[in-house]
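Below is one structure, written out as structure tokens, with a few remarks after it.
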Amino acid sequence: MNKEENCVFCNIAEGKIPSAKVYEDDKILAFLDVSPTSKGHTLVITKEHFANFLMVPKDLLAQAFDVAQKIGQAMVANLGAKGINILTNVNEIAGQSVMHFHIHVIPRYDESDGLSISFKPAEISKYNPPAIASEIKKGL
Ligand code: DGP
């Protein structure tokens, strides 16, 4: 299994750094974020080291999202969350600070909790939709 010696999440997965665990099996671990944006903010990781979402094999990715879904359901049922944000950042430009794949599962309670996500909408015509769609399709 691929591990990185100085990776904080590899060290959490190996139990070398303590964490408040929410779920664990042989491949996946979920634990509370040390800097929570709301009560119960949880991170789901693969125990094996992958730098980000784009690098994770699809069977493992499916397992990680399955755990994220169950945790989201438990947050609604047991913490009183009124909604959930699922977030996975890829690279620094997108806000990734720990370079080990993780899914944020963020319970939402009201407008004044710690998270605000805003989109600055532009006109879609600015981006030539058929050309952009065809560039993306070429890579699939
Ligand atoms: P991101 O910015 O998407 O890479 O999120 C990384 C998250 O990891 C950030 O919300 C804080 C959390 N984090 C960083 N170090 C630790 C740690 O040692 N323990 C725990 N529980 N969370 C950590």
Next item on the list: Taking only segment 72-81 into account, find how many residues are hydrophobic (A, V, I, L, M, F, W, C), within 17 Å of the chain's Cα centre (by Cα) and within 17 Å of Asp113 (Cβ to Cβ).
Entry: 1
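From Val76, Val56, grab the single residue that is touching a helix residue (DSSP H, G or I) at 6+ places or on another chain (Cβ under 8 Å) and at pLDDT 95 or above. Lay out the reasoning, then the answer.
Values: Val76 fails: touching a helix residue (DSSP H, G or I) at 6+ places or on another chain (Cβ under 8 Å).
Within the list Val76, Val56, the selection yields Val56.
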Check: Do we have any residue at all in segment 53-75 that's closer than 28 Å to Glu5 by Cβ and within 12 Å of the ligand (Cβ to nearest atom)?
Finding: yes
Next item on the list: Tell me which residues, restricted to segment 96-123, are surrounded by 10 or more Cβ atoms within 10 Å (Cβ to Cβ), within 12 Å of the ligand (Cβ to nearest atom) and closer than 14 Å to Asp33 by Cβ.
Entry: Gln96, Val98, His100, His102, Ile103, His104, Val105, Ile106, Gly114, Leu115
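Under the condition of being surrounded by fewer than 17 Cβ atoms within 10 Å (Cβ to Cβ) and within 11 Å of the ligand (Cβ to nearest atom), which residue from segment 12-24 is nearest to Gln63 (Cα to Cα)? Give the derivation first.
Step one: of segment 12-24, the residues surrounded by fewer than 17 Cβ atoms within 10 Å (Cβ to Cβ) are 14-18, 20-21, 23-24.
From what's left, within 11 Å of the ligand (Cβ to nearest atom): 16-18, 20-21.
Numbers: Lys16: 24, Ile17: 23, Pro18: 23, Ala20: 20, Lys21: 17 Å.
Looking at residues that are surrounded by fewer than 17 Cβ atoms within 10 Å (Cβ to Cβ) and within 11 Å of the ligand (Cβ to nearest atom), I get Lys21.
Is segment 95-107 home to any residue that is of a type in the set (A, V, I, L, M) and free of Cβ contacts under 8 Å to residues at least 12 places away in the same chain? Let's see the steps before the verdict.
Looking only at segment 95-107, we keep the residues that are of a type in the set (A, V, I, L, M), and these are 98-99, 103, 105-106.
Next, only the ones that are free of Cβ contacts under 8 Å to residues at least 12 places away in the same chain stay: none.
No - not one qualifying residue is present in segment 95-107.
The values are calculated or read from the model by the stated rules, or taken from the named source; none is laboratory data. Keep in mind that this is a model prediction, so the values were computed, not measured. Neighbour counts are summed over all protein chains in view; Cβ atoms, including those assigned to glycine, are modelled from backbone coordinates with ideal geometry.
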